[in-house]
Amino acid sequence: MRLLHTWETETDRYRAYVTTRTDGHNEGNVGLHVGDDPDRVVANRKQFFEAAGLDLADSVWADQVHQTNVEVVGDADRGRGAYRYDETIPATDGLVTTVDSLPLALVFADCVPLFFCAKDHGVIGVAHAGWKGTVGNIVASMTDAFATLGVPEQDIDMFVGPAITADHYEVDRRVLDAVEAVSPAAYEASVSDEQAGHAHLSLQRVNETLAAERNIEVTQSNLSTVADRSFFSYRNGDAKRRFAAVLVKEKKS
């Protein structure tokens with residue numbers, strides 16, 4: 001796995017990873033829901049996790065549905081969805097935890113991975129932001145979940161992972177109207193080349209603006225799933241492949 005970002009305190013380390021394209025089975029696909037051989041997908045997952053010093057059996061995965069439901073997970077959820085898709089956290093696009101060595105994992109192929117960390121509170125979360133989740137404001141849903149754990153919004157950092165970029169993502173008026181409805185500022189920051197009811201849209205910038213409106217500090221990876229073939233892109237021929245975004249909290253030794 002590729003380590004994208006790290007947060008640290010005196011006692012804890014928080015690591016944000018993504019899996020990447022390989023020369024292995026189906027180029028390293030880790031999605032169990034795309035019609036691939038499940039045993040070989042699990043083998044890919046194990047290989048990635050072992051390379052990062054993590055245990056797949058500890059990880060928690062979700063049944064992503066392009067909405068804004070967020071679930072707080074804990075020790076009782078270890079292994080859910082790691083080996084079988086029917087054991088995932090159902091109908092969920094955001095996972096949050098306070099538990100050590102409990103990797104949170106979601107899968108992607110153009111949608112935006114959002115990593116959240118409140119390092120001084122020991123709370124982490126990962127979210128899947130497609131256009132529907134973005135305009136539904138999954139950033140606010142994640143922030144609200146952190147609040148239930150006593151974390152004020154200004155203590156949260158958000159890291160934006162690899163996703164399709166605006167130059168490769170054209171949308172119609174329906175999507176543009178939804179962006180403007182959730183935040184006029186996000187519309188101004190993210191929409192370009194608008195003509196004849198279509199425009200290019202940066203989902204990264206929409207989510208960044210929505211986070212800024214919640215006083216969350218944002219760092220962009222500036223990684224493109226289309227331009228960088230390390231990652232899978234649904235629109236660029238990878239409909240049957242997914243990469244994972246994985247976030248884990250660990251005690252320093």
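Just so it is clear, none of the values below were taken in a lab; they were calculated from the coordinates. Values in this document were obtained by computation on a predicted structure and should not be read as measured data. Don't worry about glycine lacking a Cβ; one is built from the backbone with ideal geometry, like all the others, and counts go over all protein chains shown.
Taking the stretch 99-128 as the region of interest, how many residues are more than 13 Å from the chain's Cα centre (by Cα) and touching a residue at least 60 places away in the same chain (Cβ under 8 Å)? Don't jump to the end; show me each part of the working.
We begin by selecting, within the stretch 99-128, every residue more than 13 Å from the chain's Cα centre (by Cα); these are 99-102, 118-123.
Now drop any that are not touching a residue at least 60 places away in the same chain (Cβ under 8 Å), which leaves 99-102, 119-120, 122.
Looking only at that region, the number is 7.
Could you look through the stretch 91-118, keep only residues that are among the aliphatic types (A, V, I, L, M) and closer than 15 Å to residue 5 by Cβ, and pick out the one that is surrounded by the fewest Cβ atoms within 10 Å (Cβ to Cβ)? Spell out the reasoning first.
Taking the stretch 91-118 as the starting set, the residues that turn out to be among the aliphatic types (A, V, I, L, M) are 91, 95-96, 99, 102, 104-107, 109, 112, 114, 118.
Still in the running and closer than 15 Å to residue 5 by Cβ: 104, 112, 114, 118.
Details: 104: 28, 112: 26, 114: 30, 118: 24.
Applying the filter and picking the extreme gives 118.
Of all residues in the stretch 17-48, which are in contact with a Ser or Thr (Cβ under 7 Å, 6 or more places away or on another chain) and either assigned to a helix (DSSP H, G or I) or surrounded by 20 or more Cβ atoms within 10 Å (Cβ to Cβ) (or both)?
The answer is 28, 30, 48.
Output the residues belonging to the stretch 1-16 that are surrounded by 14 or more Cβ atoms within 10 Å (Cβ to Cβ) and either in contact with a helix residue (DSSP H, G or I) (Cβ under 8 Å, 6 or more places away or on another chain) or aliphatic (A, V, I, L, M) (or both).
As a first pass, look at the stretch 1-16 and keep what is surrounded by 14 or more Cβ atoms within 10 Å (Cβ to Cβ): 1-2, 4-5, 7, 12-16.
Answer for the stretch 1-16, where residues must be surrounded by 14 or more Cβ atoms within 10 Å (Cβ to Cβ) and either in contact with a helix residue (DSSP H, G or I) (Cβ under 8 Å, 6 or more places away or on another chain) or aliphatic (A, V, I, L, M) (or both): 1, 4, 16.
Name the pairs: first residue in the stretch 27-56 and in contact (Cβ under 8 Å) with a residue 24 or more places away in the chain and closer than 20 Å to residue 237 by Cα, second residue of a type in the set (Val, Ile, Thr) and in a helix (DSSP H, G or I), Cβ to Cβ under 9 Å, at least 6 apart or on different chains?
29/41; 30/41; 30/42; 31/41; 32/41; 32/42; 34/41
This table checks each residue for (1) closer than 20 Å to residue 148 by Cα; (2) β-branched (Val, Ile, Thr).
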site	(1), (2)
47	no, no
56	no, no
62	no, no
65	no, yes
73	yes, yes
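Of the residues 58, 93, 75, which is over 29 Å from residue 154 (Cα atoms) and either of a type in the set (Asp, Glu) or in contact with a Leu (Cβ under 8 Å, 6 or more places away or on another chain) (or both)? Give the steps one after another, and end with the answer.
On the way: 93 fails: over 29 Å from residue 154 (Cα atoms); 75 fails: over 29 Å from residue 154 (Cα atoms).
Checking each option against the conditions leaves just 58.
Of all the residues that make up the stretch 232-253, how many are aromatic (Phe, Trp, Tyr) and farther than 27 Å from residue 123 by Cβ?
2
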